Ligand code: 5GP
C-alpha cells in the first residue's frame, strides 16, 4: 500500500492556517487527516479538548519530550506545543495523508526528521494585514500581539526553504492553491 504523505502547513500565528486547512479539508472528502497537537497553554473560549488540542500540563509535556513521543515541538510565546508521533505514524502507514498545522521551528524539525514531507509556507499579504487579523481575533493582549508580530517578521525570512509558498490573500483561493500543490506532489 502507498504510504501517506506528511503535509506541513506552517506560517506565522494569525496568518489563517486554520481557516485555509478547514476549507481544504471540506474540498477533499476522505482526504488528509489533521493531526491534533498537545499544548501547555490554556484553552481559549470554544476550544475543545481532543479536537483543537490536547491540553496538557508542563510536567506531562516534559515527559512526552523525554520519552520521544513528540515528532516535533516548539516554544511559542510562553507555552509549548508539539505533535504526538504515534497517531501520525499510524495514519501514514495506513496510507492516509496527514496535515500538521505548526509553526516554522516545528516545520524545520520535520524537514530534518521526515525528508519526504511536503512543506508549505502560508504567508500573509503583508505584516499590516497580519496585525489586523491578530487584533480582530480579540484573544490576545497588546503585548502578546506585539510578540507575535516580531516573531512573524523573523518567520517570514524562513519561507525560501519550503517547497511552496502560498499567500493567504483569500482563504478559498489559498485552499485551492494548497490542494493543487498536494495533487502535483502526488503525480511528481
Ligand atoms: P495557537 O496557540 O494560537 O493555537 O497557535 C500558536 C502557534 O502555534 C500557531 O502558529 C500554530 O500553528 C502553532 N502550533 C500549534 N500546534 C503546534 C505544534 O504541535 N507544533 C508546533 N511546532 N507549532 C504548533
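Tabulated values for the structure
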item	result
Residue, nearest to the ligand (Cβ to nearest atom), within region 103-112, restricted to residues that are touching a residue at least 12 places away in the same chain (Cβ under 8 Å) and part of a helix (DSSP H, G or I)	106
Listing of strands (runs of 3 or more DSSP E) fully contained in region 1-86 that carry 2 or more residues being closer than 17 Å to residue 139 by Cβ	79-84
Residues (more than 9 Å from the ligand (Cβ to nearest atom) and either in a helix (DSSP H, G or I) or crowded, with 17+ Cβ neighbours inside 10 Å (or both)) located in region 90-102	90, 91, 92, 93, 97, 98, 99
Residue within region 167-181 that is more than 30 Å from residue 1 (Cα to Cα), in contact with a strand residue (DSSP E or B) (Cβ under 8 Å, 6 or more places away or on another chain) and not in a helix (DSSP H, G or I) present	yes
Of residues in region 41-73 being near the ligand (Cβ under 10 Å from one of its atoms) and surrounded by 18 or more Cβ atoms within 10 Å (Cβ to Cβ), the one farthest from residue 108 (Cα to Cα)	53
Number of the exception - residue 87 against (1) in contact (Cβ under 8 Å) with a residue 40 or more places away in the chain; (2) closer than 20 Å to residue 109 by Cα; (3) more than 10 Å from the ligand (Cβ to nearest atom); (4) surrounded by 15 or more Cβ atoms within 10 Å (Cβ to Cβ)	(4)
Residues being surrounded by 15 or more Cβ atoms within 10 Å (Cβ to Cβ), over 16 Å from residue 102 (Cβ atoms) and touching a helix residue (DSSP H, G or I) at 6+ places or on another chain (Cβ under 7 Å) - total across region 169-188	4
Qualifying residue in region 113-128 (condition: out of contact with any helix residue (DSSP H, G or I) (no Cβ under 9 Å at 6 or more places or on another chain) and within 13 Å of the ligand (Cβ to nearest atom))	yes
Residue under evaluation residue 47, criteria (1) touching a helix residue (DSSP H, G or I) at 6+ places or on another chain (Cβ under 7 Å); (2) more than 19 Å from residue 5 (Cα to Cα), criterion not met	(1)
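Only the coordinates and a few stated rules stand behind these numbers; no lab work does. Keep in mind it's a predicted model, so treat the numbers as computed, not measured. Ideal geometry is used to build each Cβ from the backbone, glycine not excepted, and the neighbour counts take in all protein chains shown.
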